[in-house]
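Student: Sharing a structure with you now.
Since every read-out is calculated from the coordinates, none of them should be taken as a lab result. The shown structure was predicted, so the numbers you read here are calculated from the model rather than taken from an experiment. Here the Cβ positions follow ideal geometry from the backbone for every residue, glycine too, while neighbour counts run over all protein chains shown.
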Amino acid sequence: DAGITQSPRHKVTETGTPVTLRCHQTENHRYMYWYRQDPGHGLRLIHYSYGVKDTDKGEVSDGYSVSRSKTEDFLLTLESATSSQTSVYFCAISELGQNYGYTFGSGTRLTVV
Amino acid sequence: QKEVEQNSGPLSVPEGAIASLNCTYSDRGSQSFFWYRQYSGKSPELIMFIYSNGDKEDGRFTAQLNKASQYVSLLIRDSQPSDSATYLCAVNRAAGNKLTFGGGTRVLVKP
C-alpha cells in the first residue's frame, strides 16, 4: 500500500485494557491520519498529525490519544478500550497541499470484548 | 445534515451500462473533491480527484463538479463486474488538509 503499513492487522482485546495501534510510512509524507470506519457512519477522523509532535483532534477523538515522535510513525492509543471502540481503523498519509488525496493503510480490525 | 451525503445504495447496474453516483456537501468553502473505491474488506483507494467546476475524465471514470449546487458526481462507463465496490466521496475543506467522507454508495454490476 504505497509504503504505509499498519500493525497489528487484527486484535481482540478486553474492555478496560490499553491498546496501541501503529502506523508506519516510508514515503516521508508530512500528514498522517487515523480514521475509524463503522457501518452507517463511514470514515470518521479520530486524530491527525501535520508534523513530528504536531497533532490535533478530529471529530471522534474522545477516548483516543496519539503520538508522533518520528516522521514515519504515528501511534493511536486507546487508553481504556470500550466495546464502542470496536471498529476498523485506517491510517492514511498525505503530501502537503489540499489537492492531494490520501493513501490508506490496510487497516486494523479491532474487537473489544 | 451530514457534511457529505451519499445514497447508500445498492446501485445495481447491468454490465456495460453507465453507473452514476452522486454526492452533496454542505460546506461552500470546500476546495477539492475525491472519489475513492473500496472493495469489501479492503482499504479505500483513490480513483479520481477534481477541484474545478466541470468534468474530468480518466479512462472509464468521469468526475463532475458543480460548486454552485454543491454536488459532485462520478460516472462509470462500460461498467464491469470488477467495478462492484463501495464508492466514497470525500471533500477537503478550505482550512487544513483533512478529508471529510460520505458514507459511501455500494455499486453492484451484474453480468
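Student: How far apart, in nanometres, would the label points at A:T20 and B:E57 be if each is projected 7 angstrom from Cα along the Cα-to-Cβ direction?
Tutor: Roughly 5.2 nm, to one decimal.
Student: Sticking with this structure for a sec: Could you tell me what a quarter of the Cα convex hull surface of the range B:16-111 works out to, in nm² with one decimal place?
Tutor: For the range B:16-111, the mean projected area of the Cα convex hull comes to 6.0 nm².
Student: Next question. Fewest Cβ neighbours within 10 Å first, please rank A:E14, A:E59, B:E3 accordingly.
Tutor: Going from sparsest to densest Cβ surroundings: A:E14, A:E59, B:E3.
Student: I need A:H47, A:H41 ordered by Cβ neighbour count within 10 Å, fewest first. Don't jump to the answer; show the numbers that get you there.
Tutor: Numbers: A:H47 22, A:H41 13.
Taking fewest neighbouring Cβ atoms as first place, the list is A:H41, A:H47.
Student: Something else now. Taking chain B, how many lysine pairs are there with alpha carbons less than 22 Å apart, if each pair must be eight or more places apart or span two chains?
Tutor: 6
Student: So, one more: Could you work out how far apart the two model spin labels at A:T5 and A:T77 are, taking each label as a point 7 Å from the Cα in the direction of the beta carbon, and quote it in nm?
Tutor: 2.3
Student: With a cap of 11 neighbouring Cβ atoms within 10 Å, and only residues DSSP puts in a loop, list the trypsin sites (Lys or Arg not before Pro) found in the range A:23-77.
Tutor: Loop-located and lightly packed - A:K53.
Student: In peptide B:31-44, how many Cβ atoms from other protein chains are near each Cβ within 10 Å, on average?
Tutor: 4
Student: Follow-up. Per-residue Cβ counts within 10 Å, from other chains only, averaged over A:55-65: what number is that?
Tutor: Neighbouring Cβ atoms belonging to other protein chains average 1 per residue here.
Student: Follow-up question, since we're still on this one. Taking just the alpha carbons, could you work out the radius of gyration and Dmax for the protein assembly as shown, both in angstroms?
Tutor: Values for the protein assembly as shown (Cα only, Rg and Dmax): 17.5, 51 Å.
Student: Continuing with the same structure: Can you put B:I47, A:I93 in order of Cβ neighbours within 10 angstrom, beginning with the fewest?
Tutor: B:I47, A:I93
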